[in-house]
Every structure is written in structure tokens, then in C-alpha cells.
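Here the structure comes first, spelled out in C-alpha cells, and everything after it is commentary.
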Amino acid sequence: MRRNRYILLLLAALFGMALGGCGGSGGAAEQYTVALVAKSTQTEFWLSVFAGAEAAATEYNMELTIVGPETEEDYETQNQMVEEAAKDGADAIVFSAIDFENNAASIDSAAQQGVRIVAIDSNVASDQVSTYIGTDNYAAGQMAAQAALDRMEGPLKVGVVNYDISSANGQERERGATDLFLKSGRAEIVSVINTLADAEQAQTDTAALLRAYPEINVLVAFNEPTSVGAARAVEEAGRSDDLFLVGFDSNVITIDGLQEGSVDALIVQNPYAMGYLGVESAYKLLAGQGGVEQTVDTSTKIVDRDNLFTMDSQKALFAFEKRWN
């Protein structure tokens, strides 16, 4: 009798283990695979995005791959990366579009293969996107204009340094800034340039802009590389004292520029949150959980010399980052 009892207990234990291994309430959750296809893998902004994505992937037990082209203009390589991710069996793609229109077909194709699509930072012209997570770019552009309007007196002669004309977020920022500048009644948009999302090229093009239009007394640059280039051009031209520069994002050069005078304000986004919430949303979509909103607006903050050393500004400027190779 005792022997039979032991056998029954052993069989019950084995049966319970079998149930757990078959996805019962006590079993391990299914591991999903997600591919993050970024605009770039080089800037501080994207390194922070990747750190957030990796944190979420660890928390939700997801297999994460991160890829991006060498330049923020190479939408064709991005399309190839989307196609390869779908072919390799990704369950979801977290995507930031270089080109609003020309990235759409590859995203549509991936979605047709059953891949869930999450857009972060810069949206794409596809109705297959389940959620967009990022800055309200029109509002961020208005913040940039307001930073200059609040801190400058008299007429403003504005130069705009933007990046790829096909990038949705840059164009939305420009529209927001332009609308508010013109609405103020004391600002004129003197010239708009579109340069590469590359600090060296942005510096060259900004320097040429300032030589062609010396009356410019406000510059607005709309992402990290263009802001770094513009800051260098302002310093090189000796215009730190008489020209107000508003940049975007956090970089050691522009933060130094805030202290030294070549930069007057930074519109700081929350790239870590974009990466984290992008991967978290992918998990919720795949697991059939609720709570995934169509649009998620991550926080944006104006940092200038007056609030540079406050705790909130330091947290925004020096968000947790993990160097990614």
C-alpha cells in the first residue's frame, strides 16, 4: 500500500510538470522576437533608445535585435532590414522611418506576413502601424520657437537648420516652429536649409547659411547631429553673443555649448522611454493584452542656462544609456 501511494504521488508530480510545460498557468510565457529598426546606430539619442529597448526586452523575456543604417538618409537599407526581419521570423518590428512615404511599402509587406508594427520617433505612411510612440513633433517645434520668443527681445530673423526633407518628425517640428514664429508678429523666417543628419555636414551648411544671411539672430536646429553642427558653426563664426541657438536632444557638445554660450536652449526628448515603451507595446500586442494606445506622447523639456543644473534637467540630459555595439 505504501509503495502504491508513492507511485501515485510520483505520477501526480509528473502530470503537474507536464501541465506546466504545456503553457498552463504555472508555465513559462512564450518568448517573442522583436526587431528594432532604427534610423541610425551612432548618436547619443539612439544609444538611449536602445538602452530602453533592451531593458524592456529583459523585463518581458523577449528576444531583441537592433539594426540601423549607417546614415539617417538611407531608407533603402532600412527597407531591406525590415524585409530581413520579417523573413527571419520577427513577431514584431519597432520602427523609426527615415522616409515617411518610401518606407511604407516594406512595412505593409511585413504586416501582411503577420508581423506587428510599432512606430517610434518618426512615423511612416502605413495604416498597419498599431501604435506610434514619440514626441508630439509639431508641439516640440512650437516649444523651440517659444524658447526664442520668450528669451529674445525685438525683431527675430530666423534661420532653420533641418535634416532630411522626407522625415516626418523633422518636417512637423519645422511646421510647428514656423507657425508660431509667424503668429508672433515679430519674427521672419529668413532661410530654411535641409542638410544631412551629420554634424560635420551640418556645420558646413550652417556656416554657409550665416555667411549668406548675416542678419540671422536666431537659429533653430531640429535633431542631435544638426544641433551639434550648428553649435560648432556659431562658435566658429564668433556669433555666440549675438545669435540665439535652439537645438534638439542631448549631446556632450551641445551641453557644453549651453554653458559656454554657443547654445541657448535645448528641446530635450525622452529617447529611453521611446525604446522601452516601443518594446513593451510590442509585447502587449503579441500577448493580446490591452492598454496599447494609438498614440503615446513621450515627454519633452526645454533646458537652458537658467535651469541646466536642476535635478529635472540633469535627468533629462543624462538619461540612462548603455553603449551599444
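The values are calculated or read from the model by the stated rules, or taken from the named source; none is laboratory data. Because the structure is predicted, anything quoted here is derived from the model rather than measured. So basically every Cβ, Gly included, is an ideal-geometry build from the backbone, and we count neighbours across all protein chains shown.
Annotations
- Among residues of region 254-277 being without any contact (Cβ under 8 Å) to a residue 40 or more places away in the chain and in a helix (DSSP H, G or I), the one that is farthest from the chain's Cα centre (by Cα) is Glu260.
- Test: residue in region 140-158 that is in contact with an Asp or Glu (Cβ under 6 Å, 6 or more places away or on another chain), farther than 23 Å from Phe45 by Cα and in contact (Cβ under 8 Å) with a residue 40 or more places away in the chain: yes
- Pair list, Cβ < 8 Å and 6+ apart or interchain, from region 218-242 residues that are without any contact (Cβ under 8 Å) to a residue 24 or more places away in the chain and of a type in the set (Ser, Thr, Tyr) to residues that are in a helix (DSSP H, G or I) and surrounded by 19 or more Cβ atoms within 10 Å (Cβ to Cβ): Ser240/Val234
- Residue in region 233-243 that is of a type outside the set (Lys, Arg) and crowded, with 24+ Cβ neighbours inside 10 Å present: yes
- Residues that are among the charged types (D, E, K, R), over 14 Å from the mean Cα position of the chain (by Cα) and buried (at least 21 other Cβ atoms within 10 Å of the Cβ) within region 115-139 comprise just one, Arg116.
- Ala197, sole failed condition from (1) part of a loop (DSSP other than H, G, I, E, B); (2) exposed (fewer than 15 other Cβ atoms within 10 Å of the Cβ): (2)
- The condition of being assigned by TED's automatic domain parsing to the domain that holds Val124, under 20 Å from the mean Cα position of the chain (by Cα) and not in a strand (DSSP E or B) does not hold for Ala316.
- Selection status of Ser227, closer than 19 Å to Ser122 by Cβ and in contact with a Phe, Trp or Tyr (Cβ under 7 Å, 6 or more places away or on another chain): yes
- Ala202 being part of a helix (DSSP H, G or I), in the same structural domain as Ser240 (by TED's automatic domain parsing) and aliphatic (A, V, I, L, M): yes
- In region 78-114, the qualifying residues are those that are more than 18 Å from Lys39 (Cβ to Cβ) and of a type in the set (Asp, Glu), and the one that is surrounded by the most Cβ atoms within 10 Å (Cβ to Cβ) is Asp91.
- Of all residues in region 142-175 being among the small types (Gly, Ala, Ser) and closer than 26 Å to Asp306 by Cα, the one that is surrounded by the most Cβ atoms within 10 Å (Cβ to Cβ): Ala144
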